[in-house]
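Enquirer: Before we start, here is the structure in question, set down as structure tokens.
The numbers here are math on the coordinates, done by the rules we state, and not lab data. Worth saying up front: this structure is predicted, and the values here are computed from it rather than measured. Every residue, glycine among them, receives a Cβ derived from its backbone with ideal geometry; neighbour counts consider all protein chains shown.
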Amino acid sequence: MADFTFEEAALAAGERIVCGVDEVGRGPLAGPVVAAAVVLDGTNLPPDLADSKAMSAKRREAAFEAIVACASAISLVSLPAPVIDHLNIRAASLHAMTLAVRGLALQPDLALIDGNALPDGLPCQSEALVKGDARSFSIAAASIVAKVTRDRMMREAHKVWPAFGFNGHKGYPTEIHRKTLMKAGPTPLHRRSFAPVRVALAKNG
């Protein structure tokens with residue numbers, strides 16, 4: 001389970017500000033990749049911090065509000081489909097994380113990054129934590145903030161393109177999403193560098 005151990009060790013070693021960083025949206029065929037960086041106050045930790053993937057939507061929303069109320073600093077970055085197509089999804093995800101850290105109102109001394117890769121251009125020291133959203137409160141908080149934000153964006157997209165059902169699958173390649181994509185062709189939200197979107201684009205002109 002996630003806890004504040006990594007953060008406490010860094011603070012005890014002399015780091016003043018530690019942030020957690022995570023991103024969501026690598027797998028979808030449509031929509032942005034969203035990264036969040038969060039600095040938590042160790043004396044005022046929000047309740048119910050866990051890996052966002054293991055939480056219900058209702059529980060994530062409640063945790064999101066608690067994080068916003070308790071966190072010392074939060075930064076969010078969203079990169080749309082054209083940027084993903086230009087950079088590739090891995091590079092776009094890493095770049096979004098860098099921008100999120102750089103956007104924090106409190107510049108951290110250490111960034112705890114979810115995964116096994118460190119983004120380029122970070123303004124501070126960094127440490128990669130595999131499955132960090134299940135190990136570090138700060139990364140778990142970033143995971144929740146990024147996930148809730150992206151889900152809200154996709155629910156708004158559903159209002160523009162209701163036939164695609166973005167409010168349900170959030171752009172991920174479900175069967176109904178693939179069928180609608182092949183029938184109607186891609187929207188501006190779709191990532192044209194992804195194979196299923198390329199096929200649908202060729203079919204629909």
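Enquirer: crowded, with 17+ Cβ neighbours inside 10 Å and either in contact with a strand residue (DSSP E or B) (Cβ under 9 Å, 6 or more places away or on another chain) or in a loop (DSSP other than H, G, I, E, B) (or both): is that true of Ala105 in this structure?
Expert: The answer is no for Ala105.
Enquirer: While we're on this one: Given the residues Leu181, Leu112, Leu189, which is the only one that is under 18 Å from Ala37 (Cβ atoms), in contact with a Phe, Trp or Tyr (Cβ under 9 Å, 6 or more places away or on another chain) and surrounded by 15 or more Cβ atoms within 10 Å (Cβ to Cβ)?
Expert: Answer to the check: Leu112.
Enquirer: Something else: Among what's in region 119-160 and is of a type in the set (Gly, Ala, Ser) and surrounded by fewer than 17 Cβ atoms within 10 Å (Cβ to Cβ), pick the residue that is farthest from His95 (Cα to Cα).
Expert: That would be Ala128.
Enquirer: In this structure, is Thr149 out of contact with any Phe, Trp or Tyr (no Cβ under 9 Å at 6 or more places or on another chain) and not acidic (Asp, Glu)?
Expert: no
Enquirer: Show me the helices (runs of 4 or more DSSP H) entirely contained within region 1-101 in which 1 or more residues are within 17 Å of the chain's Cα centre (by Cα) and not basic (Lys, Arg).
Expert: Of the helices (runs of 4 or more DSSP H) lying wholly inside region 1-101, those with at least 1 residues that are within 17 Å of the chain's Cα centre (by Cα) and not basic (Lys, Arg) span 57-70, 81-87.
Enquirer: Of the conditions (1) among the polar types (S, T, N, Q); (2) outside any loop (DSSP other than H, G, I, E, B); (3) within 30 Å of Phe64 (Cα to Cα), Thr187 clears all except one; give me its number.
Expert: (2)
Enquirer: Can we say Val77 is touching a Cys at 6+ places or on another chain (Cβ under 8 Å), within 19 Å of Gly25 (Cα to Cα) and in contact (Cβ under 8 Å) with a residue 40 or more places away in the chain?
Expert: no
Enquirer: Looking only at region 161-176, how many residues end up being touching a residue at least 24 places away in the same chain (Cβ under 8 Å), assigned to a helix (DSSP H, G or I) and over 17 Å from Val24 (Cβ atoms)?
Expert: Of the residues in that region, 1 qualify.
Enquirer: Could you list, ordered by first residue, the pairs with Cβ atoms under 7 Å in which the first is in region 116-134 and farther than 11 Å from Val101 by Cβ and the second is of a type in the set (Lys, Arg), at least 6 apart or interchain?
Expert: Leu129/Arg135
Enquirer: For Ser193, state whether it is among the polar types (S, T, N, Q) and in a loop (DSSP other than H, G, I, E, B).
Expert: In short, yes.
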